[in-house]
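Enquirer: My questions will all concern the structure given below.
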Amino acid sequence: MPELRRDPISGRWVIVAPDRARRPLPGSGTAPSRENCPFCAGHESETPDEILALRPPGGGGPNTPGWQVRVVPNRFPALSASGPDKRQNVGVYRTRGGVGVHEVIIESPDHHVSLTQLTPEAVEQVLSVFRERLESHRRRTDLHYALLFKNVGLEAGASIEHTHSQIMGTRILPGVIGEEWKLARREWRARRRCLLCEMIRLDASDGRRMVVATDSFVAICPFASRFPLEVWIVPTSHESDFDAMSENQIDSLAPVLRDVLGRVERVMGRPSYNLVLHTAPFRRRGDDSFHWHIEVMPRLGQAAGFEWGSGLFVNPLTPEDAAARLRDGDAQDTGAV
Ligand SMILES: [Zn+2]
Ligand SMILES: [Zn+2]
Ligand SMILES: [Zn+2]
């Protein structure tokens, strides 16, 4: 069973999950190919039993074909679905049971390798499943957070190419979210304003980092982008919870997400990226300072010694140039950036 250990020096939590070692490693030749893809319709028996599936009326029973979006437990979970939350302190060492959620959201019954190959209506369905899963995990009293993320391409850590996302729910608040929330809360209390609302206000008036703008969403290359072509999608109105989105908002997010990923794919030539959804912490006692957003992080280079050792990223492409390239959406090779 996995366990969470806290590093006393950095305060960082780590999930120690020996069972993950059985997972086919990306690029090792053991990862499933198109022919034996467990996520394709017709191969339902190769995944654990589904948690949820969107099926049209009369679309077949659970774990049979006929679905449009399907949610299953991860076969090699990093966290165990049940078990005691054993907490142990030995001197400076803190340990907790590795209990939580690790689900896979299969975004299409067909073997598409990108969300951009789906119709806008199919992307809306995927987003409504994201919303449903987050809402469901938020209702659980034991979870502090659920992170929705997407790994696309070998360099981004994907072991299966069939388009999918994952969600991991934890009984701790992950450090990155905790840091973002701390700064948001501080600004909210001191100046009664939201940092992300302020960012999109500045970027809208400046324009140089703006990639796409609609009434409800903007896509910007953030002022301090860590990676070349990093792009964030942000609702223009201040909202803390992704899962509080209305149907209308989902309908307007779907084309923006599809458009932004399409631009990243065209400009990069070879799509390898991570996408993460940062929504507000589940337990926040009425504090609505957090503004949800999606971060897309293309993997054009490797974080190396300096980045790992210092936490400081060196980005060879200015966010202003990145946004200009993404606005053009041109197909030029950016391998040399
Ligand atoms: Zn497939
Ligand atoms: Zn805001
Ligand atoms: Zn964030």
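Enquirer: So, in Å, what gap is there between the alpha-carbon centers of the stretch 45-62 and the stretch 280-296?
Expert: Measuring centre to centre over Cα atoms gives 31 Å.
Enquirer: Using only helices, what value at 222 nm comes out for the chain when you add -39,500 (n - 2.57) per DSSP H run of length 4 or more and divide by the total residues, to the nearest 500 deg cm²/dmol?
Expert: Value at 222 nm, helices only: -8500 deg cm²/dmol.
Enquirer: Okay, moving on. Once you have the Kirkwood Rh of the stretch 189-337 from its Cα pairs, apply Stokes-Einstein at 25 °C and 0.890 mPa s and quote D in µm²/s.
Expert: Translational D for this selection: 152 µm²/s.
Enquirer: Related question: For the chain, which longest stretch is free of loop sites, where a loop site is one of the chymotrypsin sites (Phe, Trp or Tyr not before Pro) that DSSP puts outside H, G, I, E and B and that has at most 15 other Cβ atoms within 10 Å?
Expert: Value returned for the longest uninterrupted segment is 1-222.
Enquirer: Also, I was wondering about something else. What distance in nm lies between label points placed 7 Å from Cα along the C-beta direction at H111 and S82?
Expert: Each label point is offset 7 Å from its Cα along the Cβ direction, giving 3.6 nm.
Enquirer: Separation of the stretch 160-226 and the stretch 234-271 by C-alpha centroid, Å?
Expert: That distance is 12 Å.
Enquirer: Multiply the residue separation of T236 and D7 by 0.36 nm, subtract the distance between their alpha-carbon atoms, and state the gained length in nm to one decimal.
Expert: 78.7 nm is the gain from fully extending T236 to D7.
Enquirer: Moving on to the next point. If I model a spin label as a point 7 Å beyond the Cα along the Cα-Cβ vector, how far apart are those points for V276 and R208 in nm?
Expert: 2.7 nm
Enquirer: How large is the accessible surface of T141 in square angstrom, using a 1.4 angstrom probe and rounding to the nearest 10?
Expert: Estimated to the nearest 10 Å², T141 gives 120 Å².
Enquirer: Find the all-direction average of the projected area of the Cα convex hull for the chain, expressing the result in square nanometres with one decimal place.
Expert: Values: hull surface 73.4 nm².
Here the figure is 18.4 nm², rounded to one decimal.
Enquirer: Now for a different question. Going 7 Å from the Cα of R226 along its beta-carbon direction, which residues of the stretch 255-279 have the amide nitrogen within less than 18 Å of the resulting point?
Expert: 272-279
Enquirer: Distance in nm between label sites at E198 and R34, each 7 Å beyond Cα in the beta-carbon direction?
Expert: Calculated label separation equals 5.0 nm.
Enquirer: Rounded if a/c is under 1.5, else prolate if a/b is larger than b/c, else oblate: which is the stretch 210-256, with a ≥ b ≥ c the root eigenvalues of its Cα gyration tensor? The partial results should precede the final answer.
Expert: Numbers: a/c = 2.43, a/b = 1.83, b/c = 1.32.
Taking the square roots of the gyration eigenvalues as a ≥ b ≥ c, the stretch 210-256 is prolate.
The values are calculated or read from the model by the stated rules, or taken from the named source; none is laboratory data. These numbers were taken from a predicted model, which means no experiment stands behind them. Reconstructed Cβ throughout: ideal geometry from the backbone, glycine too, with neighbour counts over all protein chains shown. Side chains included, ligands, DNA and RNA excluded: accessible areas come from the protein's heavy atoms. Shrake-Rupley method; radii C 1.70, N 1.55, O 1.52, S 1.80 Å.
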